[in-house]
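Any read-out appearing in this document is the output of simple, stated calculations on the displayed coordinates, not a laboratory observation. Since this is a predicted model, take the numbers as computed values, not measurements. Here the Cβ positions follow ideal geometry from the backbone for every residue, glycine too, while neighbour counts run over all protein chains shown.
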């Protein structure tokens, strides 16, 4: 048999096989559908997606049959509508594109297995082999072209879907934070987050200088770590605020326990945390508390704590004073005098004095708490009062407020160090 004769015989065999494929389309679709639905775990449990997968399979197999039967140029074939719609639905559900590409690889394998089972019945093995090569080449080029197109459709839909979803989420969060009356079921659907539970609001921000996307990913990971450490069953809600700031809510279910968060020791990431609160109103309140805790941290600048928690009574007091920094500066200067200097020596005296007041004037309890000798504590207290220029009980409330302000607002309210 000459090469031309062999080629003609192989093409005729491919045409006959493609015609048979068309007549067996329902059977082939059912077989492929069963194999793919069982093999791709991401699709299981979503009936609509599984049904759409069947439509995609049928349209692709039918297209391949027409290409083989009528010798259609693969480069001019458009993606079947059902196949594009299947890709778009996967994007909307956040199913990874790997599931999309894998379906085409598995589908090609099943079609080739069917084709070679049919060719094995041929008496002329040479013609069957040549026909098989044509089928392999054609199906490969088709899968290569179509998978590229459906992945492109997936990516475009994913970008559009996320943009729309983020717009809806942003609008819903704004309504909740304004205290508007909202349909809780609709709000939970828009946010993919359960409002009818206890939450802890978190504000996270970065000073690392990383790119916007990388910085936000780091903040989201930090929020996820806190939720995991707290044993939360649900996923936390993370909302980018700008390129270096994110808002978060950690779901507590029925628990009222506070969240223990660990900051970044290298100083790149900062966290402000609200108190546990319940329901849609609690969603708003705990967030507002986190924002107030953030104000304290921002006022303290680089001397802020890595984690500033509104549940700390001193933070709540400092938050009120941070709302009027000018007035707080005057209070600090009036209550402390030279003790308000921004120096290490003054800071040690202020810290000792604050613990002394907390321990109700006990030198021994203060010494135990800050790990100093009792005589050292007494020396520091005497020195602090000497710097202040007034006795301990002279306007004591202002003294305690001033010490809290110095502790949490740092250089923003302290006097410049003397030259």
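Measuring nothing but how far apart in sequence close Cα pairs (under 8 Å, 6+ apart) lie, relative to its length, the chain scores a relative contact order of 11 percent.
For the residues 74, 285, 332, a GNM of the chain with alpha-carbon springs under 10 Å puts the largest fluctuation on 74.
Given the stretch 3-161, report the % of alpha carbon pairs whose separation exceeds 23 Å.
So the portion of pairs separated by more than 23 Å is 38 percent.
Working note: Debye formula, equal point scatterers on the alpha-carbon atoms of the stretch 195-316, no solvent; log10 I(q)/I(0) at q = 0.17 Å⁻¹ is -0.77.
Compactness ratio of the chain: Cα Rg over 2.2 N^0.38 Å, N = residue count?
1.58
So how tilted is helix 3-23 from the main axis of the chain? Cα-based, degrees 0 to 90, rounded to 10. Here the helix axis deviates by roughly 70 degrees. Relative to the dominant Cα principal axis of the chain, helix 81-92 is inclined by about 20°. Taking R0 as 30 Å, what's the FRET efficiency between residue 182 and residue 257 from their Cβ-Cβ distance, rounded to 0.05? Computed FRET efficiency for residue 182 and residue 257: 0.65. For 328, 15, the sequence from fewest to most other C-beta atoms within 10 Å is 15, 328. Each residue, residue 379 and residue 101, gets one label point 7 Å from its Cα in the Cβ direction; the gap between the two is 7.0 nm. Taking only Cα atoms and a 10 Å spring cutoff, compute GNM fluctuations for the chain and point out the largest among 269, 373, 287. In the Gaussian network model the winner is 373. Per residue of the chain, the DSSP helices (runs of n ≥ 4 H) give a summed -39500 (n - 2.57) that works out to -22000 deg cm²/dmol at 222 nm.
Annotation for residue 133 and residue 323: the two label points, set 7 Å from Cα along the Cα-Cβ direction, are 8.3 nm apart. Sorted ascending by nearby beta carbons within 10 Å, beginning with the fewest, 159, 111 become 159, 111. Once the Cα atoms are used to define both axes, helix 279-300 deviates from the longest principal axis of the chain by about 60 degrees. What is the stretch 57-123 by shape, rounded, prolate or oblate, if you read a ≥ b ≥ c off the alpha carbon gyration tensor as root eigenvalues and call it rounded for a/c under 1.5, prolate for a/b larger than b/c, and oblate otherwise? The shape class here is oblate.
What ranking, highest mean first, results for peptides 366-372, 216-222, 39-45 when packing means the other Cβ atoms within 10 Å averaged over each residue?
Details: 366-372: 16.1, 216-222: 19.0, 39-45: 13.7.
Result, highest mean first: 216-222, 366-372, 39-45.
Of interest is the spacing of the C-alpha centroids, which for the stretch 11-88 and the stretch 401-419 amounts to 72 Å.
Under a Gaussian network description of the chain, with springs only between Cα atoms under 10 Å, the residue in 320, 172, 27 that fluctuates furthest is 27.
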